Structure formats: C-alpha cells, structure tokens
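Taken together, the values in this text are just the output of simple stated rules run on the coordinates, not laboratory data. From a predicted model like this one, the values you see are computed outputs, not experimental measurements. With ideal geometry, Cβ positions are generated from the backbone for all residues, glycine too; neighbour counts draw on all protein chains shown.
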Amino acid sequence: MVPSFYDEGALVAVLTTQPLDRALDYKAPEGGCHLGAFVEVPLGPRKVLGVVWGPGKGDYDYAKVRSVLRVLDAAAMRDEMRAFLEKAAAYTLTPMPAMLRLATRAPGLGDPPSMRKVYRRGPEEPDRMTDARRRVLEFMNEYGDLAFTLKELAELSGVTSSVIKGLVKQGAVAEEDSPRDLPFPPMDPSRPSKELTEDQARAAAHIAKAVQSGAYGTTLLRGVTGSGKTEVYLEAVAACLTAGRQALVLLPEIALTAEFLKRVEERFGARPAEWHSGATMTERRRIWRMVGQGNAQLVIGARSALFLPFQNLGLIVVDEEHDTSYKQEDGVLYNARDMAVLRASLLGAQVVLASATPSLESWANAESGKYTRLDLEARFGPAVMPTMRTIDMRGEKLPSNRWVSEELKRAVDQRLERGEQAMLFLNRRGYAPITLCRACGHQVGCDQCDARMVEHRFLKRLMCHQCGETKPLPTVCPSCGAEDRMAPVGPGVERLGEEAVALFPDARVAVLSSDMYGSARALKAEIETIAEGGADVIIGTQLVAKGHNFPSLTLVGVIDADLGLQGSDLRAAERTFQLMRQVAGRAGRAEKPGTAMLQTYQPEHPVIRAILAGDEEGFWRAEAAQREAAGVPPYGRMAGIILSGPDVAQVFDIANALARNTGPLLRVGAQVFGPAPAPIARVRGRHRVRLLVKAGKGVALQGAIAQWVSQVRLKGDLRLAVDIDPQSF
Ligand code: ADP
Ligand code: ZN
C-alpha cells in the first residue's frame with residue numbers, strides 16, 4: 001500500500017508537467033503533504049507545478065534533495081484520477097508529464113481570486129422601502145447564503161445597479177471582498193420530461209437502471225438523426241443526478257450550440273457548466289474547482305472535459321461518438337471516446353455512446369457483447385427519413401466552372417418556390433482547391449508542407465490547410481514568370497456559393513465554413529440565424545452535418561459524393577457512409593419530408609449503393625468482413641510510428657534502423673510496414689515518415705512497441721510519435 005500522507009521531510013516522488021522521464025524526489029514540506037497533493041517544487045532555477053505521485057525513490061543523497069516549496073490546494077488529486085492518467089498514458093504510450101498537462105491545463109488551485117460581492121446584513125428592512133428594493137431583498141432571502149456581485153444581483157433581480165447601491169447606503173446589504181466562486185445553480189432532475197415514445201422510454205429506462213446499478217457499463221445508443229437520442233440520454237443524465245452523481249456530456253466542439261444548451265436548461269431548470277475552447281481562463285478555473293468540489297453537477301463540453309477532476313462522476317455521454325474530432329491529432333494522440341470508456345471503467349460509471357451512424361469499432365463491440373446496443377428505429381413525430389437518390393454525372397454536360405446539375409438546380413428551384421430551405425454540401429473549404437498557371441501547369445504549394453495552397457477569396461489569400469500559413473494570390477507565376485495566367489481550378493464552398501448566387505438570383509445564399517467567421521461564437525450565431533430562416537440556400541462543409549436543426553430544410557444536394565472515396569485509406573468507405581447519412585439526415589426534420597440527392601460519377605459503387613439503400617446493418621457486415629479479412633481494426637490492432645525532422649535523409653535513417661530491428665514486435669507476432677512517407681509527408685518544414693504496425697487483436701502491443709522504439713536514440717531535432725489506433729491506415 002502506498003501511504004496516503006507524508007510527514008515533513010519524508011521523501012516523495014513529484015510528477016511535473018516538465019518533459020522529464022520520471023517523477024523527481026523531493027522532501028515533504030512543513031506540515032507534510034497528502035498523496036496526490038498539488039504542489040510547487042523547485043526545478044533548476046524555476047518553480048513548477050507538480051503532483052505528489054508516491055513515495056520517493058531515495059536514490060540520491062538525502063542531504064541534497066530539495067524540499068517541496070508549498071502545497072497549492074487543500075484538495076489533492078484523487079486516486080482514481082491518478083490511476084486514469086497512468087492507464088491512459090500506458091495505452092497511448094504518452095509520457096506521464098504530457099498526460100498530466102492535459103489534466104492541469106486550467107487548474108483552479110488555491111483560493112479563487114476575490115471579488116466584491118454583496119451580502120444581506122440581517123433581517124432588518126431599510127427605512128425607505130420601494131418595490132425595486134423589495135424585489136432585491138426577496139431574491140436575496142430566497143438564495144440564502146449565495147453571494148453575488150453587484151452587477152449579477154441587479155441583473156438577476158431585474159433592477160438597476162443604483163437600487164442596490166441605495167440598499168448598501170441604507171445598510172441593509174453589505175459589500176465585501178469575497179473569495180468565493182459563484183457555484184453553479186443546482187440541477188433539478190425531477191422536472192417533468194417530454195413524454196417519451198415507447199421506444200424512447202424503453203431505452204431511457206434501460207440506461208437509467210444501469211446508472212443506478214453504480215457499476216461500469218457502455219451502451220451504444222443508435223438511432224437516425226431526429227429519433228430522440230438526446231431526449232433519451234437526458235433521461236439517463238436525470239437518473240444519474242437523482243442518484244447524487246455528476247454527469248458529463250461530450251460533444252464535438254461545433255455541436256455545442258445555444259439551441260442544445262437551451263434544451264438542457266429546459267429539462268433541468270438551470271444552465272449546466274460549459275467547457276469549451278471559447279471559455280476564458282477564469283471561467284475554466286472556476287469550472288475546474290466546482291467540478292472538483294461536486295458543485296457542478298452537469299458539465300457539457302468538448303473532449304478535454306474528460307480530464308476534469310470530477311468528485312463523483314456517474315455517467316459520460318459521448319454524443320456523435322463516430323465523430324473524428326474526438327481524436328486529438330497533435331500533442332497527446334488520444335481518442336476521447338475510448339478514454340471515456342477507460343475512465344468510466346475505473347469509476348464504476350456508465351457510458352452512453354450516441355450516434356446515427358456509429359463507428360465500426362463501437363458496432364463491433366456491441367456485436368461481441370462488450371457494449372449493450374439500443375436502437376431507436378423511427379424519427380420522432382411526423383418526420384421521416386429523407387428519400388435518397390443519385391444523380392449520374394456521367395451524362396451531364398455542364399459548362400466549365402459549374403457543378404450544380406440541371407436536375408439538382410430544378411429541385412432547388414422547387415423548394416424555393418415552396419418557401420423551403422435547400423442545402424448544397426461540398427466538403428471543401430475555400431474558393432478553389434488548386435491555383436494553376438495556365439502557361440506552365442505549375443500548382444501553387446505551401447513552402448513548408450507537402451500540400452497545395454487553397455484559395456480563400458473571402459480572405460483574399462491562399463491558405464495551407466495543413467499549417468495555416470497564408471500568402472497573397474500571385475499575379476505572376478512563381479515558376480515560369482508568366483503574367484496574369486494564374487487560375488482557380490475546381491470548386492470549394494466559396495466558389496459554389498458564387499454559382500448558387502448566379503443560379504438562384506432571388507434566393508438568400510449563405511456559405512457556412514469554419515474559416516469564414518472570426519470565431520466559433522460568430523459561426524454559431526450565423527448557424528442560429530440560418531436555422532431561424534435567415535437563408536434560403538445553405539452552402540456548407542462538413543460542419544453543417546453536425547447536430548444542427550434546420551426545421552424548414554427539405555433538400556440536401558451533395559455536390560461530389562465521390563470525394564471521400566478516393567485514396568487508399570481503409571476507413572474511406574465507413575467515413576463516406578457516415579458523412580453522407582449525416583448530411584442527408586439534415587433534410588426533413590420537421591413535418592415536411594426531405595430528399596437527398598447525391599451527384600456521383602460512380603452510382604454503382606458499393607458504398608454509394610449502401611448509402612442509398614439505407615441498409616446500415618448490411619453495410620456494417622460487409623465492412624466488418626473486409627476488415628476482418630485484412631486483419632485491421634476493429635479485428636486487429638494497429639499503431640502508427642511517425643518520425644519527423646527537418647532532414648529527410650536523417651528521418652529515413654532512423655526509420656530504416658527501426659525497420660531492421662523488429663525483434664520485440666516479432667516476438668508478439670506483429671508485422672511492420674514501411675517506412676514510407678506519412679499521409680502528409682511534410683508539415684511546417686518537418687519531413688514525416690511512417691511505419692505501420694499490425695498485430696492480432698489480443699496482443700499487448702504497447703509493451704512491444706515501447707521496447708522496440710527504445711532501441712533508437714533520437715538526436716537533435718528528430719521526433720518520434722506513436723499513434724495507437726490511427727485514424728487512417
Ligand atoms: P437525435 O438526438 O436522435 O437527433 P433529438 O433528441 O434531437 O434526436 O430529437 C429530435 C427532435 O424531436 C427534437 O426537437 C426533440 O425535442 C423532438 N423530440 C424527440 N422525442 C420527443 C418526445 N418524446 N416528445 C417531444 N419531442 C420529442
Ligand atoms: Zn503549410
């Protein structure tokens with residue numbers, strides 16, 4: 001047993017977020033410290049944040065060991081959290097300091113900053129009572145010992161600040177410095193829910209019962225868009241809150257909309273804590289503290305919310321579980337969906353994975369009995385799934401620079417006449433994917449990456465979608481020097497927007513693309529406006545496929561359904577199937593039935609046919625059979641080893657050295673492929689080379705890989721990253 005308290009002077013191992021390969025020994029400070037304590041320690045000339053991780057190793061001269069400077073907070077990191085970080089690090093082969101960094105990105109340690117807050121002095125009433133003053137005092141009595149700032153109190157009781165200043169003058173309320181955070185208002189799970197359909201009620205009862213069991217379990221909640229998955233998992237959240245435990249709902253960042261928060265607020269009578277990249281540091285620290293104290297019962301957040309220090313977490317919902325944005329692709333390479341399952345299993349908590357188009361991984365886990373699967377078959381109410389059709393583009397004779405077929409144009413015209421909305425979907429940001437010199441054929445590429453520069457007319461610049469670098473549009477060809485011969489080739493959403501304006505001159509056209517708005521907030525505001533009928537034709541990239549309700553949208557036209565099927569990625573079919581089904585699902589969410597039209601040059605492609613047939617079970621089975629035959633996930637294990645550096649020859653040298661010495665991998669029966677240039681061979685001036693490791697399902701791959709890669713010494717600027725369960729293979 002690891003002792004849970006260390007007396008002053010005892011040796012403790014302190015893990016920091018600094019890139020060291022192990023926890024360092026320190027002496028416990030005056031007054032001692034707890035296991036898991038957040039501490040400040042000296043490191044060279046600096047003071048850094050650390051966590052007491054266990055007893056010290058004692059392999060240094062005791063006299064030379066430095067002391068912990070101070071304990072930063074009365075509360076310590078919980079055993080469960082330390083175990084989670086260790087298991088997550090072992091799974092993803094991430095060094096512990098990097099893992100700890102994820103858990104301490106906005107640590108709310110020590111006392112929160114103080115703020116002027118107003119308090120009720122006593123039961124006395126002021127000499128002069130007015131209606132406004134009475135409102136304030138009644139409000140304060142109702143909220144007992146909660147303290148508010150003057151501005152908050154004015155807002156909440158619906159009076160002007162001067163009313164409260166008057167009360168302060170009269171001595172009825174006092175203004176003082178208060179270190180207290182404003183707690184999150186309590187959630188009320190007993191408020192009436194919507195009346196669930198039979199299907200929904202059965203699913204909700206099943207998950208609620210699992211939550212009440214207090215044991216770990218994962219449920220795959222599958223149901224077409226609009227079938228009421230959200231209603232169902234909100235009931236699971238209610239059961240969790242009723243049981244006195246905290247709940248976490250993870251969403252892809254962009255799906256965290258005001259509309260969604262309003263639904264949650266309606267159900268529970270109060271706003272949940274929102275954890276996302278737009279939140280200020282102060283707000284994040286407050287959430288961190290409140291979550292740790294159990295004073296935030298429900299958190300809605302993006303993937304990093306998984307690393308908050310919950311006191312008593314009982315349920316994690318991963319909405320749109322198939323979404324690729326759950327995989328963090330830089331820094332620590334982890335998939336939030338899988339880490340949610342890991343964290344819940346350590347806690348005795350439940351996981352709900354919700355999706356209209358689950359990942360093949362989750363589908364297979366349900367098939368094998370690891371997950372429980374619940375299906376919602378029908379859309380709620382009168383809404384039905386859209387009719388799906390293909391438009392065979394081989395017969396189209398479109399003039400150059402036009403991408404909308406006659407048939408699709410007529411269909412859009414029809415919706416416009418009926419006062420309905422239509423969406424044109426193209427998964428390509430910017431104006432044109434290629435900028436080409438018509439004299440010599442040169443294509444403008446990024447100087448730092450192995451990628452083309454994409455014209456963004458809205459920004460009036462070319463942009464690299466790998467590194468974000470921009471440059472002005474050249475008027476002279478950078479290669480042959482020809483003047484005024486540079487031309488855009490192919491469509492992006494901005495260009496499609498131009499076409500739509502020309503084709504539908506009377507319609508209001510809106511282009512929705514993540515890079516066209518200054519901030520996530522501005523983008524969300526635009527989405528709300530459109531949902532309320534602020535546009536007739538919506539042009540969008542992938543982001544419109546996620547969780548937004550456009551009630552009068554009845555037609556979705558996919559400009560290029562073949563786009564995702566190119567290339568050799570074994571996941572291409574699954575991705576395309578999911579994306580097309582999701583996009584199509586945007587149509588016909590209310591009373592009016594919807595139609596989806598897919599423009600394609602290969603209408604007989606098996607994936608296109610499966611999308612049309614809507615036979616998900618059949619699609620999965622066929623996909624599963626292919627993956628099983630190839631021995632790839634979810635029927636085998638894979639890992640990518642990415643080596644990178646500024647000198648391509650050096651990078652290949654190291655990769656080749658690894659490829660020659662595969663002993664540790666051979667011992668577990670794993671195979672190595674490569675080295676080969678990574679899917680993106682150069683990013684920000686660094687050349688990237690990939691080795692792929694493939695092994696049987698039951699193989700303990702991490703240990704073998706750790707041993708294998710430890711054979712090479714990385715000199716200078718060379719880096720090695722391990723990507724367990726890579727997104728593309
Ligand atoms: P999903 O999450 O599967 O896309 P939602 O839960 O968002 O589906 O439901 C789609 C729409 O139908 C929402 O507007 C929701 O409020 C409504 N809805 C679903 N089930 C019910 C119900 N039982 N009673 C009333 N409205 C419902
Ligand atoms: Zn670049």
Which one of 295, 161, 680 is farthest out on the positive end of the charge dipole of the chain, using unit charges on Cβ (Lys, Arg +1; Asp, Glu -1) and the Cα centre as origin? 680
In whole angstrom, and with the biggest value first, how far do the Cα coordinates of the stretch 5-87 range along each principal axis? 33, 28, 22
Measuring from its Cα centre, the stretch 585-729 shows a charge dipole (+1 at each Lys and Arg Cβ, -1 at each Asp and Glu Cβ) which, in debye to the nearest 20, is 520
Give the share of C-alpha pairs in each 10 angstrom bin for the chain, from 0 to the last occupied bin, in whole percents, shortest bins first. 3, 12, 19, 24, 21, 13, 6, 2, 0
Each label point is 7 Å from the Cα along the Cα-to-Cβ direction; what then is the distance between the points at residue 130 and residue 74, in nm? 4.0
Counting only DSSP beta bridges with both residues in the stretch 198-376, tell me the antiparallel percent, nearest 5. 5
Protection proxy ranking of 676-689, 293-306 - average other beta-carbon atoms within 10 Å, highest first: 293-306, 676-689
Which cysteines does the chain leave without a neighbouring Cys Cβ under 4.7 Å? 33, 240, 467
Quick check on the chain: of the DSSP beta bridges with both residues there, what percent are antiparallel, nearest 5%? 55
How would you order 467-478, 504-515 from highest to lowest mean count of nearby Cβ atoms within 10 Å? 504-515, 467-478
Between the stretch 2-53 and the stretch 280-322, what is the separation of their alpha carbon centroids in Å? 26
Can you give me the distance in nm between label points at residue 191 and residue 86, each placed 7 Å from the Cα along the Cα-to-Cβ direction? 4.2
√(5λ) per eigenvalue of the Cα gyration tensor, the stretch 474-595, largest first, Å: 29, 21, 14
How compact and how long is the stretch 198-376, expressed as Rg and Dmax of its alpha-carbon atoms in Å? 15.0, 45
Quick one: the Cα spread of the stretch 592-691 along its three principal axes, in angstroms, biggest first? 59, 36, 24
Hull-based mean projected area of the stretch 636-724, where the convex hull spans the alpha carbons, in square nanometres: 5.1
Tell me which residues come under 5 Å, amide H to amide H, from residue 334 once H is placed; ignore anything under 5 positions away on its chain. 328
Can you compute the helix-only [θ] at 222 nm over the chain? Use -39500 (n - 2.57) per DSSP H run of at least 4 residues, normalise by all residues, nearest 500 deg cm²/dmol. -9000 deg cm²/dmol
Would you order 105, 78 from fewest to most other beta-carbon atoms within 10 Å of each residue's own beta-carbon? 105, 78
Where the centre of each part is set by its Cα atoms, how far does the stretch 329-356 sit from the stretch 387-432, in angstrom? 38
What number, in percent, do you get for the relative contact order of the stretch 541-633 if the mean sequence gap of Cα pairs under 8 Å and at least 6 apart is divided by its residue count? 33
Which of the peptides 227-233, 388-394 is most tightly packed, and how do the rest follow, judged by the mean count of other Cβ atoms within 10 Å per residue? 227-233, 388-394
For the chain, what relative contact order do you get, as a whole percent, if you take Cα pairs closer than 8 Å and at least 6 residues apart? 10
Let me spell out the model: positive unit charges on the Cβ of Lys and Arg, negative unit charges on the Cβ of Asp and Glu, origin at the Cα centre of the chain. What dipole size does that give, in debye rounded to 20? 1260
Under a Cβ-only charge scheme (Lys and Arg +1, Asp and Glu -1), can you give me the dipole magnitude of the stretch 115-179 about the Cα centre, in debye to the nearest 20? 220
Taking H placed 1.01 Å from N in the peptide plane, check which residues at least 5 places from residue 354 or on another chain put their amide H under 5 Å from its amide H. 221, 318, 319, 320, 321
Which cross-chain or sequence-distant (5 or more) residues have an amide H under 5 Å from the amide H of residue 570, H modelled 1.01 Å from N in plane? 729
Restricting to Cα pairs below 8 Å that are 6+ residues apart, what does the relative contact order work out to for the stretch 636-724? Please round to a whole percent. 47
Once the piece of chain linking residue 566 and residue 168 is laid out straight, how much longer is it, given 0.36 nm per residue of separation minus the C-alpha distance between them? 136.3 nm
Antiparallel DSSP beta bridges within the stretch 295-454, as percent of all bridges there, nearest 5: 40
